[in-house]
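Data block below; observations after.
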Amino acid sequence: MAPERLYALTIYGYRKPGMPEDAYHRYLSDHHAVLVRKHLVKLGIVRYTLTHNTSETKEMMKRIFGNLPEGHTSDCDCLAQIIFRDVEDYVRARNDPYYKEVIFPDHENFADSNRTQFVTGWVECHIVDGKIV
């Protein structure tokens, strides 16, 4: 039997102008993600992850790729990824009053929404927990 196909919404997030980097990542992890995860899990979302792209981790790119031109690396502050079985699961989450009244307005506290970018696609796993799948 073929594995179930999952889909991802990937969000390239940027911190609001003037917000210190550490305050952004702390707020995102300790406050916003708590609001989001409680909501998403109730609506059948499979996975929600944050990848923090900090000054420190951006420096790792030099170690990974050497002299790769800077324009080839993302300048976003965080990648949020939401994995779902059906797009309607996520649409339902976004249309829910809790999202509209609590989660969406919270972006004003940390995000530069004018710079936010989105990507959707299906997920293909080749290694999970150190094993080829």
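Looking at the structure I just gave you, is Ser74 modelled with pLDDT under 95 and among the polar types (S, T, N, Q)?
In short, yes.
Please verify whether His25 is within 14 Å of the chain's Cα centre (by Cα) and not aromatic (Phe, Trp, Tyr), treating the condition exactly as stated.
Considered against the rule, which asks whether it is within 14 Å of the chain's Cα centre (by Cα) and not aromatic (Phe, Trp, Tyr), His25 comes out as yes.
Do you know which residues across region 87-133 are within 20 Å of Ser29 (Cα to Cα), under 18 Å from the mean Cα position of the chain (by Cα) and aromatic (Phe, Trp, Tyr)?
Scanning region 87-133 gives Tyr99, Phe104, Phe110, Phe118.
Of (1) touching a residue at least 40 places away in the same chain (Cβ under 8 Å); (2) more than 25 Å from Tyr7 (Cα to Cα); (3) exposed (fewer than 14 other Cβ atoms within 10 Å of the Cβ), Gly121 satisfies all except one. Which?
Status for Gly121: all satisfied but (2).
Can you pull out the helices (runs of 4 or more DSSP H) entirely within region 1-84 that have at least 1 residues that are in contact (Cβ under 8 Å) with a residue 60 or more places away in the chain and surrounded by 11 or more Cβ atoms within 10 Å (Cβ to Cβ)?
Per the criteria, 21-27, 33-42.
Based on what the data block shows, is Ile132 out of contact with any Lys or Arg (no Cβ under 9 Å at 6 or more places or on another chain) and farther than 28 Å from Arg5 by Cα?
Values: out of contact with any Lys or Arg (no Cβ under 9 Å at 6 or more places or on another chain): yes; farther than 28 Å from Arg5 by Cα: no.
No, not satisfied.
The values are calculated or read from the model by the stated rules, or taken from the named source; none is laboratory data. Keep in mind that what you see is a predicted model, and the values were worked out from it rather than measured. Positions of Cβ are backbone-derived with ideal geometry, glycine not excepted, and every protein chain shown enters the neighbour counts.
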